[in-house]
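The block underneath contains the structure these notes are about, expressed in structure tokens.
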Amino acid sequence: MPRVCLFDLLPVELLQMLFNYFLAHEIFLSFSDISDYVNDALRSYFKYQLDLKSIEKSQLNFVYHRIRPEQIISLTLSHDNDVSHLSMNFLSVFRLEQFIRLRSITFIDIKYEFIEPIFNDLHKLLELHSLSFDIEKIKYKYEIFNINFSTKFNRLNSFLYNVFTQILPRLTCIHLNNGNLLKSISLPYLHHLKLKKCSLDQFEGIFQYAPQLKSLDVCLRFENQFSQIIISSSQLIRFSLTIENYSISMNQLKQMLLNLPYLKYFEVNANGRNLADGQQWQILTRNLITFNFKFNTDLDRNELDLHSFRTQYWLEEKCWFVAYQNNCLFSVPRIVSTHVIISSSTYVYTTASDITYINENIKKLIVKAIPIQNQIRYTDIEILNLQCSISYEELMFIIDLRQVKHLFILSLDDLLKFIPLEQILPCISKLTILNDLTMNMIKQMRYYQFEQIHELDISLSYENKNYIMKEIVYIFPFIKQISYRNYIHSIQDIVHFIYGFRYLRSTYFYTYLIFPNIERNIYLNRKFPIDITWQLLEDNDFLYHIFSSSNCKSIKISVRLTFTM
């Protein structure tokens, strides 16, 4: 009797509506060769979203043989070392101008040498409406650092600005790292803009060059004092604002909001003075549909009852509730932080009747002490940072340990509190040990093995480090990723630290020193990779990525370098 496929009973339109909820590789892996009817639906579908950062190497050829560039409407390219070959292979198979229906393109950790070839062709994407690109996440070949980097970086900015003057005016959605590349570019069709950082001048200019802007997500960084923010928009509906490096006043926020008469959705994260004024916010937010905020501010004892947020307007008309904890006033549940620090004095003041909302979003918990008046049991913690000595029984009283994936402990022997690990912490895979590992710690633990731990973050006591590393390989036999918080001084140090880990795929170091012969050392040593890239992190910090995929095994080594000026 022939096998009947139930998907064959669905109209092709309904089947393709289902495809809209999946990435391209997920669609092909799930639906390919189910039936001839479904295969025809795959071939006639023209809304694939291809994300090369999410796809596995083993899945790539499978997808390539089933997809055509004209079927793709969204494309994510990444040169993260784990998947960089995927983007390079992809661009060798297809030309950018073949993506005639492409609407959205996202670049993640793109290598410097690919910027010009790719961006020179962006103007050929006539259907492109959305662009996402972070110039600070570009990866540079090692040798570029020694060849007048500032000149190259300025040249890159100039090149990108010329490209952007061609393509940005026709886009409706833009995500960039900062506002520098938007200067004086007319954006008549822009509806959605996201900037990871922006100066006050750039911020005020946005509304001049993008008159149709309806949604804005921006992080403002102020270099100087100012009296007011001068903006005006009759189109802006949704506004997410983060303010860094500045203590803003209620009057400054008020002046800004009064010039946004059609605003309906407002979210703000700021430090400031006199921001816990429910009466003022009631006047400013009356026409809003949603208002979410997080204010780092100090409240005196008389304000802790949050009286101005307990009116009929807040509790009944808008149903907006607020809370105050650890010097932070925030709306709930929308702005409940994903991570919380608790100490003996921790207490939550709130206008909400049910305090369990606190549990809804919290994934990371830092424990400095058990609160004297504990109100909450945390049930969804994935990252648990124990910065004090605490018994297993005390922990169980306030935390459900079964969801913890990443555990921070002061000392390696603190892990003994959680034995058997597979029962008490069944989801754990990553361990960070905050204090230096010493020979005494290792001697206490050398007869134990923790096979669940695949990621390890440690620093070593310099004394007896050879012995310590040898024992660590035994105690944690299935490590895939390891981070050392020790300073390294040579390539030989790296060899020593990674030796013996059978399943190791990546490792991370940092140092204050440049390796003067880093390329020569690596190229002459077959145990080491030959692909070196680096990224500027901030100020004088750089992150080097050293990658190898020889002998059927790939290892990524990241070295953080901090230069003192």
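Cross-link reach is defined here as a Cα-Cα straight distance under 30 Å, omitting same-chain residues fewer than 8 places apart; for Lys443 the lysines meeting it are Lys368, Lys405, Lys417, Lys430, Lys465, Lys470, Lys480. For Lys183 and Gln228, what is the calculated FRET efficiency with R₀ set at 22 Å and r taken between the beta-carbons, to the nearest 0.05? Once the sixth-power term is evaluated, E becomes 0.50. With R₀ fixed at 41 Å, the C-beta to C-beta distance from Asn296 to Arg43 puts the FRET efficiency at about 0.15.
Between His65 and Glu244, the simple spin-label model (points 7 angstrom out along Cα→Cβ) gives 4.7 nm. The Cα-based radius of gyration of the range 208-363, divided by its Kirkwood radius, gives an Rg/Rh of 0.96. Here the label points at Lys124 and Lys417, each 7 Å from Cα along the C-beta direction, are separated by 6.0 nm in the simple model. Projecting the Cα atoms of Thr379, Pro333, Ile453 onto the dipole axis of the range 328-469, where Lys and Arg carry +1 and Asp and Glu carry -1 at the beta carbon, places Pro333 farthest toward the positive end.
Is there a quick way to get the dipole size of the range 180-250? I mean about its Cα centre, with the Cβ of Lys and Arg at +1 and of Asp and Glu at -1; what is the value in debye to the nearest 20? Walk me through the numbers on the way to the answer.
Values: 7 positive and 5 negative charges, 50 e Å.
Around 240 debye, computed over the range 180-250.
With +1 on the Cβ of every Lys and Arg and -1 on the Cβ of every Asp and Glu, and nothing else charged, how large is the dipole of the range 309-438 about its Cα centre, in debye rounded to the nearest 20?
280
Given 0.36 nm per residue, what is the gain on full extension from Gln279 to Glu303 after removing their alpha carbon distance, in nm?
Length gained between Gln279 and Glu303: 7.3 nm.
Computed from the coordinates by the stated procedures, all read-outs in this text should not be read as laboratory data. Keep in mind the model is a prediction, meaning the values are calculated, not measured. Note that we place each Cβ from the backbone using ideal geometry, even for glycine, and neighbour counts take in every protein chain shown.
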